[in-house]
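J.: Got a structure for you, questions after.
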Amino acid sequence: MRDLDNGRLIAAAADGDQQSWEILVDRYADLVWAVARGFQLSLADAADVSQATWLRLVEHLHDIRDPNQIGNWLVTTARREALAVLRRAVRSLPMSHLWQLDGPDPQAETPELRMMRASDEATVRRAFRQLSTNCQQLLRLLLADPPPSYAEVSAALNMPIGSIGPTRARCLRTLRRLLDAEGAPDG
């Protein structure tokens with residue numbers, strides 16, 4: 001059943017088939033999460049964006065006209081939800097509390113990441129953080145599993161499809177230069 005096309009999955013999920021719904025969520029959860037985290041939201045806010053995106057899909061399952069564009073629909077919806085979270089945060093934050101803005105969540109680091117920091121991969125992470133925000137967002141999206149289509153990346157980052165490949169190449173060249181400057185081993 002996991003190899004069903006999106007049209008059949010959406011139709012079955014709209015008719016209440018839980019297994020079809022779960023397959024859709026499994027198929028696109030990483031993409032929705034990557035879009036939410038691409039806005040530098042806290043883990044809690046990114047989870048809220050993800051949940052709201054899936055709720056919107058439940059509300060609109062019967063309205064999906066082109067099931068092959070469901071990834072683009074989810075990307076657009078996640079972007080809108082993330083922007084709404086950001087707008088609410090700006091409106092509700094008293095100026096005297098600006099010092100309390102969320103930074104990266106220190107609990108987000110898993111044991112695997114701590115081990116990687118102790119190895120050569122720590123160098124890659126330091127170099128990655130030196131990349132521009134646009135490069136970081138693009139590379140994160142392209143590394144999602146399953147990988148999104150270029151149309152989905154284009155919608156998520158508001159970037160022309162024809163710019164994705166050349167921009168990715170420039171970002172990777174910059175990353176390679178940063179790694180070379182730190183003396184990272186080739187690999």
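J.: Before we move on, is ASP120 surrounded by 10 or more Cβ atoms within 10 Å (Cβ to Cβ), modelled with pLDDT under 70, within 22 Å of VAL32 (Cα to Cα) and of a type in the set (Asp, Glu)?
T.: No; evaluated as a whole, the condition is false for this residue.
J.: Given the condition in a loop (DSSP other than H, G, I, E, B) and of a type in the set (Ser, Thr, Tyr), answer yes or no: does some residue in the range 62-78 qualify?
T.: no
J.: Follow-up. Give the residue, chosen from ALA13, ALA29, ALA34, that is modelled with pLDDT of 90 or more, touching a Leu at 6+ places or on another chain (Cβ under 8 Å) and not assigned by TED's automatic domain parsing to the domain that holds ALA151.
T.: Just one listed residue meets the conditions, ALA13.
J.: Given the structure, is ARG8 farther than 19 Å from ALA156 by Cβ, touching a residue at least 12 places away in the same chain (Cβ under 8 Å) and in a helix (DSSP H, G or I)?
T.: Numbers: farther than 19 Å from ALA156 by Cβ: yes; touching a residue at least 12 places away in the same chain (Cβ under 8 Å): yes; in a helix (DSSP H, G or I): yes.
Answer is yes for this residue.
J.: OK, next. Go through (1) in a helix (DSSP H, G or I); (2) exposed (fewer than 15 other Cβ atoms within 10 Å of the Cβ); (3) of a type in the set (Gly, Ala, Ser) one by one and return the number of the condition GLY16 breaks.
T.: For GLY16, the failing item is (1).
J.: Given (1) buried (at least 17 other Cβ atoms within 10 Å of the Cβ); (2) at pLDDT below 85; (3) not hydrophobic (A, V, I, L, M, F, W, C), where does SER92 come up short, assuming only one miss?
T.: That leaves (1) as the condition not met.
The values are calculated or read from the model by the stated rules, or taken from the named source; none is laboratory data. The model shown is predicted, which means the values in this text are computed figures rather than measured ones. In this analysis, Cβ positions are derived from the backbone assuming ideal geometry, glycine residues included, and neighbour counts consider all displayed protein chains.
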